[in-house]
Amino acid sequence: MSRYDYDLVTLGAGSGGVRASRLAGGYGARVAVVEKSRVGGTCVMRGCVPKKLLVYGAHYAEDFHDARGYGWTVDGTGFDWTTLVDAKNAELNRLEGVYQGILRDNKVTLVEGAGRIVDPHTVEVDGRTLTAEKILLATGGRAVLPRIPGIEHAITSDQALELRRLPRRIVIVGGGYIAVEFAGIFRALGSEVTEIIRADALLRGFDEDVRSMLGSEMEKKGVVIRRGSTVRSLEKKGDALLLALADGETLEADEVLYATGRAPNTRDIGLEEAGVALNDKGAVVVDEWNRSSVDSIFAVGDCTDRINLTPIAIAEGRAFTETNFNRNPIKVDYENVASAVFSLPPVATVGLTEARARARGPVTIFLTRFKGMRHTLSGRDERTLMKLVVDKATDRVLGCHMVGADAPEIVQGLAIALKCGATKAQFDATVGIHPTAAEEFVTMRVPVPETP
Ligand code: NDP
């Protein structure tokens, strides 16, 4: 009989924590998972899932408009924000039930409350003590806001998903994933949207052609992007908020959404006291086996700040459990991880940007910008961008980038090709599906001329 209450206690029932815990339970381990909020975590309850439902909802605005070009009479459409938010919440409740069921089915004990590490084998949850042979940290991350006067009037994406009224005017601060996704949602649904970015382009870290294309496409849809701009302070004036910008101008809005990055949830949970090393961003330092500086304590997902995406947290959770509870050592492969931004239009990417690839050696670039067939009749002036970054020496495709309808669905398939080490010659030898936008990825023959 083990001297501990459990074989595994997991802190956090999000994507990584649930996957690790339920697999471990399935392998016969005695597992408890501690959660202070909702089972499902950021992605399911406050991130990817509700956001995508709102993106679907927002897209109908464009679809109704475009249908006219195809002969439809579209009269009397109307939109009710509360109906969408309520339907989204009902779906989240259903999903939470599904996740709770998965834990139950795998005999994982759910402990509701805030967990705190007391020592390398002990977790305390609201006065209750749980001991475990291994502890898994899967505590995720949270939004971080700059400390400027009046910041308490701003909302984060958590509250943006719960607004009881659609704002007539919203200012969004930040140019990352979350900012551009919410800019697309609110603009399509009819809000006046101003996005304030301190850089000169959206989506730092993405390919430069993608960054400029997304900016211009969002501007065509009416999002006002203020580049090289920062907010000095916020002030409440009646029902409105006043934003004082560094250049002296003042903006007025009904809501101000800050999407200025996220930080690991590692504070006040006893980590430093237990000797768990954190890096300068507060993330848990782990080795390739997800083990922290304390032998019995492991960590997966956003609290480790490696690649902060749900499928990565899930892969890390699985690798942890296979390694520790199924005698099947697995490491996560972080090469060629595809990702998407559900902006309007969406962005998807896998592999290296042109700049990163060039830093490694000579490359050939293939790039196309075109109006999709759908928009020949819709009348919408929306363009698609596709780009391939190819290694000159080996002909391997190092990066695929796309801005345009269905980009995430298309690039998911291309990610398999990159994972297999596909060459440009193999892309060229692939017969396209006609007529699709995706076929452009296998029919780009003329490289972008090299600038001397
Ligand atoms: P990001 O790190 O992607 O972007 C933060 C943005 O805020 C940047 O534009 C940054 O500007 C700006 N910024 C940072 N600090 C300040 C400041 N003090 N004042 C003004 N602007 C500032 O963070 P997000 O919050 O958008 O997203 C967090 C993470 O969540 C992402 O890294 C991603 O991994 C994940 N996520 C993934 C999604 C997906 O896969 N579809 C969707 C949503 C989130 P600058 O560029 O100048 O630094």
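We did not get these values from a lab; they are worked out from the coordinates using the rules stated. Fair warning: this is a prediction, and the values are worked out from it, not measured in the lab. Here the Cβ is made from the backbone with ideal geometry for all residues, glycine too, and neighbour counts use every protein chain on show.
Considering all different alpha carbon pairs of the range 87-197, the Kirkwood hydrodynamic radius works out to 17.9 Å. A full extension of the chain between Arg3 and Thr430 corresponds to an added length of 147.8 nm, given 0.36 nm per residue minus the alpha carbon distance. Helical runs (DSSP H, four residues minimum) scored at -39500 (n - 2.57) apiece and divided by the length of the chain put the mean residue ellipticity at 222 nm at -9000 deg cm²/dmol.
Within the chain, what is the longest stretch that has no GluC sites (Glu not before Pro) placed in a DSSP loop and near at most 13 other beta-carbon atoms within 10 Å? Here the longest segment lacking exposed loop sites spans 1-161. If you bin all the Cα-Cα distances of the range 282-334 at 5 Å, starting from zero, the percentages per bin are 5, 23, 33, 26, 11, 2, 0.
As an equivalent ellipsoid, the range 236-275 spans semi-axes of 37, 13, 9 angstrom, where each value is the square root of five times an eigenvalue of the C-alpha gyration tensor, largest first. For the chain, the dipole from Cβ point charges (+1 on Lys and Arg, -1 on Asp and Glu) about the Cα centre works out to 300 debye, to the nearest 20. Just so you know, the averaged projected area of the alpha carbon convex hull for the chain sits at 25.3 nm². Could you work out the longest stretch of the chain that avoids the chymotrypsin sites (Phe, Trp or Tyr not before Pro) located in DSSP loops with at most 15 other Cβ atoms within 10 Å? Answer from the scan: 80-288. Were the residues from Thr376 through Ala246 laid out at 0.36 nm apart, the gain over their Cα-Cα distance would be 42.5 nm. Sparse packing (at most 16 other Cβ atoms within 10 Å of the Cβ) combined with a DSSP loop state is found for the following trypsin sites (Lys or Arg not before Pro) in the range 80-148: Lys107, Arg147.
Two tests apply to each whole DSSP H helix in the chain, Cα reach of 15 Å or more along its axis and mean Kyte-Doolittle hydropathy of at least -0.5, and the ones passing both are 15-26, 48-67, 81-105, 177-188, 310-325, 407-419. Using the Cβ-Cβ distance between Ala199 and Ala277 with R0 = 30 Å, the FRET efficiency computed as 1/(1 + (r/R0)^6) comes to roughly 0.40. Averaging 1/r over each pair of different alpha-carbon atoms in the range 314-436 and inverting the result gives 16.3 Å, the Kirkwood hydrodynamic radius.
Our coupling estimate for the range 346-359, obtained by passing each phi through the Karplus curve with A = 6.51, B = -1.76, C = 1.60 and θ = phi - 60°, is x, 10, 9, 8, 8, x, 8, 6, 4, 4, 5, 5, 4, 5 Hz, Gly and Pro reported as x.
Taken over the C-alpha atoms, the range 21-141 has Rg and Dmax values of 21.0, 68 angstrom.
Treating each Cα of the range 1-42 as an identical point scatterer and ignoring solvent, apply the Debye formula and state log10 I(q)/I(0) at q = 0.16, 0.19, 0.28 Å⁻¹. Once normalised to I(0) and log-transformed, intensities are -0.39, -0.52, -0.92.
Checked against a 28 Å cut-off, the cross-linked pairs Lys51/Lys281; Lys88/Lys387; Lys281/Lys331; Lys36/Lys134; Lys236/Lys281; Lys281/Lys419 give Cα-Cα distances beyond that limit for Lys88/Lys387; Lys236/Lys281; Lys281/Lys419.
Tally Lys/Arg at +1 and Asp/Glu at -1 over every other residue whose Cβ is under 12 Å from the Cβ of Gly228; what's the total? Net of charged neighbours comes to +1. Measuring r between the beta carbons of Thr364 and Glu219 and using R0 = 45 Å, the FRET efficiency lands at 0.90.
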